[in-house]
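The next block holds one structure in the form of structure tokens; read it before the comments.
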Amino acid sequence: MNIGLATDSVLVAVAVACTALLIRRRGDISREFQKSWRSVIMGMYCANVGLLLNLTRDFEELSYFRITGPTETNLIVKTLFYVLCMLLIFNGVRQWYPLILSVQRSGVQKARLYRKLVEEANSIFLRWDSQGKIVSINRFGEELFGYSRHELVGKPVVGTIVAEKDAEGFDLAAMIEDIRRNPDEYKNNENENVTRDGRRVWIAWRNAYISEGQNDEPELLSIGVDMTGRKRVEEAIYALASSISYGQGREDTLGETMRHLARAYGARYAFYAVYADEQQDSMRVLAFWDGTRVTAGDVYSLEGTPCRDVLQGKLDIIEEGLVQRYPEHVMFRDRGVESYFGTVLKNASGDATGIISVMDTRPMRFPEWSRSVLHVFADRISGELERRTAEENIYRLAHYDALTGLPNRLLFHDRLEQAVAHASRNRQYVALLFLDLDRFKHVNDSIGHAGGDMLLKEVAERLQECVRSSDTVARTGGDEFIVLLSDFSTEEDLLQTTSVMAEKFVEVISRPFHIESMEFYVSVSIGITVFPQDGSNIDYLIRNADIAMYHAKDKGRNRFEYYHSRMNEIAEKRSRMESELRVAVDRGQLCLRYQPVVDAEDGRILWFEALLRWQHPEHGLVMPEDFIDLAEESGLILSMGEWVTEEVCRQLQAWKRSGFPVRTLAMNLSMRQLERPGLITVLDRFMEQYGVEPSNLILEITESMLMEDPERTLPVVRALSGRGYVLAMDDFGTGYSSFGQLRQLNVDSLKIDRSFVAQLGQDGSAESIVSAIIGMAGELGMRVVAEGVENREQMQFLRQQGCRLMQGFHIGYPMEAGECERYVRQNKHPWHEANT
């Protein structure tokens, strides 16, 4: 076989193989290419036939058939098949050309459309290679990150548009490395990116792996959507919820919330404020985020501000030009505020309590969805403010006096404990002043508790005006106040300050109080104790000040007393006596003694005065001056007074039945009894029970009692007189009553105070007073009784002045009921024999 034959054979084999391949791919040919495909197939058939004819030319023996072998016919036919092949293939290719051009034009159009979509999209299209370097980025990405694409191409992603770590410390570099190595596992991710100027933006990425990218190298296509606004809103709402839920009790909780609110809107400022006055003309800023820190406490007028318009419902958004609309207000002008968005804070009742706003120095746009964010903040902050208000109210109720607004006992104890601890560490002194108002009950009884409350409030104001800002004035209950003075380095400084302070308290409280068109006077008794001299325990200090205060009352009231250790002994004795006195009535330890009142001229015994005694099981017979004041203070005088009244009535009944010539007894009424609404009822009940007439009972009332509260006592005294009871004015001359008042009260007799009688023959002024009382009483038709007559000289002087009725040890000592009978039946008494 020669080379020509081999070449022709190879050509035939290749042509047949190509034809077979074309026939086999027939099913993959689309319908519009079927016609051209058939033309090409027919051309391939012609080529195969021509090649076969050309192959026969190498065999002489085939010349017999003319068409085969090296014949002219073979050459002509072969050439014709070649020509036909070229024509058919050209015809097929000619049909492909328009289709190819159409596909090419379509591809170009799609490529242009893709480029336009990529460039005009509001998303980032970022291509980066397997080395983590940027291949290309679209226009939106340029604008967002602040770089031109020429500056970004070839730069690493990490360190250019992605920081090593985000704001929360998450390792972004490691995440980018994982995406680069395993793109299929990170088809979607969200992370924080960084712009050229350092701003941090959140982007949601969708990543796609490209196996053949630029220069046929693998690439990653990352399509990103800017979700910074949504992310900030999510973070702000989360921060709002978590700060309120878990930050309760922290003062800066809502201040931090303003920072999150400003960040949510990308604004420079955010603040919330509440009404600062009852007229609602101004606002107090509770938290203001100025871009770097939170401030609070500023008060600004609502006049000429957008806040006023928001509260009135006129507007809520100013996207630009705020300063032009509100040019006068310094709060907005000085900060260069251009845009504003605000809404109202409301309480549970729906009433406006304040405002919450965001502001910026540049124009802002507020999409509809973003407006609801501020309302969410407003609702949550309103709820938190209401919760805090409730907590503050509860705290105030627990730690402050509701009437005066002063610290109460609980808060005072806490401050005292802190002051004592501080003074102990620094070797300083602390003073307590315990104040109790004198005659405060008179105010309550005169104008009711509402008027008393008004007086207490004014007392609190006066006390606060006297103290330093570092001192504490507290109301511990009723009409009691306590003052804490601290930070004294020397005892001399403390004593000087407390003395001046106490004198000032006494002076300011003694000034008149004008309540409901009436003028009232009260005084104050003050007890002072000092740390550490008088003790280190706060309960002991308060108790010591209380004890000193009672000593001030015992010494005449309207004064102050320093505590000393002996007072404690007296107080303990007083406390024991009060406990024993409470059971004295039930155990029958009280008893009466009777002292005669006589007519010194004719020797008649007119009546006996019933005098109370306490038969103590250990101390024997206790005189009234040792326990009556205590009974008054503790209120025991009421039960003791009822017991005395019943015993007096029982004794009168017994004497009446026995034919005893004296049918009259005198008894003393206390101020507490006189103020008691049921006094006349009690007297009438015992009168009826024992068959005693009111005229047989003389009720002795001290002059000081009558003058202490005349508006209250005078009507009671008149009522007693109207019921037929005989009235006597005891201790006359020590008070400030007038004879005109005595005439109005229908007083039967005056008892000259024993202090004047004791000075007869020694003090000329006392004699003048006694003479004047006897003379004026005689002119008014009143009987005069001189009590405390202890010797013959006193008796003689009194008789000379016209005073016939006398009582005292010279006349007769207080005696039991049985002794009274023997006393009356005596024919002659020493005092009468001496007179005759």
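The values are calculated or read from the model by the stated rules, or taken from the named source; none is laboratory data. Please read these numbers as outputs of a predicted model, since none were measured by experiment. Every residue, glycine as well, gets a Cβ built from its backbone with ideal geometry; the counts of neighbours run over all protein chains shown. Protein only, heavy atoms only, side chains kept; ligands, DNA and RNA dropped before computing areas. Shrake-Rupley method; radii C 1.70, N 1.55, O 1.52, S 1.80 Å.
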Say we look at the stretch 142-165 and pick out the residues that are free of Cβ contacts under 8 Å to residues at least 12 places away in the same chain and of a type outside the set (Gly, Ala, Ser); which of these is farthest from Arg199 (Cα to Cα)?
-> His150
Of the residues in the stretch 208-234, those that are part of a strand (DSSP E or B) and open to solvent by 20 Å² or more (accessible area, probe 1.4 Å) come to Ala208, Tyr209, Ile210, Leu221, Ile223, Val225, Asp226
Cβ-Cβ under 8 Å pairs, at least 6 apart or on other chains, the stretch 30-51 side in a helix (DSSP H, G or I) and modelled with pLDDT of 80 or more, far side among the acidic types (Asp, Glu) and open to solvent by less than 30 Å² (accessible area, probe 1.4 Å) = Leu51/Asp8
Quick one: Arg657 ticks every box in (1) closer than 25 Å to Cys820 by Cα; (2) in contact (Cβ under 8 Å) with a residue 24 or more places away in the chain; (3) assigned to a helix (DSSP H, G or I) bar one, so which box is it?
-> (2)
Restricting the search to the stretch 380-400, which residues are open to solvent by 70 Å² or more (accessible area, probe 1.4 Å) and farther than 18 Å from Phe288 by Cα?
-> Glu386, Glu391, Glu392, Asn393, Ile394, Tyr395, Arg396, Leu397
Does Gln615 fit the bill of being open to solvent by 40 Å² or more (accessible area, probe 1.4 Å), in contact (Cβ under 8 Å) with a residue 24 or more places away in the chain and closer than 29 Å to Arg663 by Cα?
-> yes
Of all the residues that make up the stretch 816-831, how many are within 15 Å of Leu611 (Cβ to Cβ), open to solvent by 50 Å² or more (accessible area, probe 1.4 Å) and not in a loop (DSSP other than H, G, I, E, B)?
-> 1
Can you give me the number of residues within the stretch 586-598 that are surrounded by 13 or more Cβ atoms within 10 Å (Cβ to Cβ) and under 59 Å from the mean Cα position of the chain (by Cα)?
-> 3
Looking only at the stretch 145-200, count how many residues are outside any helix (DSSP H, G or I), within 22 Å of Glu119 (Cα to Cα) and of a type in the set (A, V, I, L, M, F, W, C).
-> 5
Given (1) in a helix (DSSP H, G or I); (2) in contact with a Lys or Arg (Cβ under 6 Å, 6 or more places away or on another chain); (3) hydrophobic (A, V, I, L, M, F, W, C); (4) surrounded by 20 or more Cβ atoms within 10 Å (Cβ to Cβ), index of the condition Val508 fails | (4)
Residues being farther than 18 Å from Ala666 by Cα, out of contact with any helix residue (DSSP H, G or I) (no Cβ under 7 Å at 6 or more places or on another chain) and surrounded by 12 or more Cβ atoms within 10 Å (Cβ to Cβ): count how many of those fall in the stretch 778-792.
-> 3
Sole residue being in contact with a helix residue (DSSP H, G or I) (Cβ under 6 Å, 6 or more places away or on another chain), open to solvent by 30 Å² or more (accessible area, probe 1.4 Å) and assigned to a helix (DSSP H, G or I), chosen from Leu87, Leu62 | Leu62
Quick count over the stretch 793-815, residues being open to solvent by 50 Å² or more (accessible area, probe 1.4 Å) and touching an Asp or Glu at 6+ places or on another chain (Cβ under 8 Å), is 4
Quick check, is Glu601 among the charged types (D, E, K, R) and open to solvent by less than 20 Å² (accessible area, probe 1.4 Å)?
-> no
How many residues of the stretch 344-379 are out of contact with any strand residue (DSSP E or B) (no Cβ under 9 Å at 6 or more places or on another chain), over 23 Å from Asp290 (Cα atoms) and either in contact (Cβ under 8 Å) with a residue 12 or more places away in the chain or not aromatic (Phe, Trp, Tyr) (or both)? The answer is 6
Take the residues of the stretch 193-217 that are polar (S, T, N, Q) and over 60 Å from the mean Cα position of the chain (by Cα): which is nearest to Asp178 (Cα to Cα)?
-> Ser211
Taking Gly635 as meeting all but one of (1) under 23 Å from Lys441 (Cβ atoms); (2) surrounded by 16 or more Cβ atoms within 10 Å (Cβ to Cβ); (3) among the small types (Gly, Ala, Ser), write down the number of the exception.
-> (2)
Of the residues in the stretch 388-433, those that are in a strand (DSSP E or B) and either at pLDDT below 90 or farther than 20 Å from Gly527 by Cβ (or both) number 1
Which numbered condition Arg362 misses (of (1) part of a helix (DSSP H, G or I); (2) open to solvent by 60 Å² or more (accessible area, probe 1.4 Å)) = (1)
Can you name every residue in the stretch 448-498 that is in a helix (DSSP H, G or I) and hydrophobic (A, V, I, L, M, F, W, C)?
-> Ala450, Met454, Leu455, Leu456, Val459, Ala460, Leu463, Cys466, Leu494, Leu495
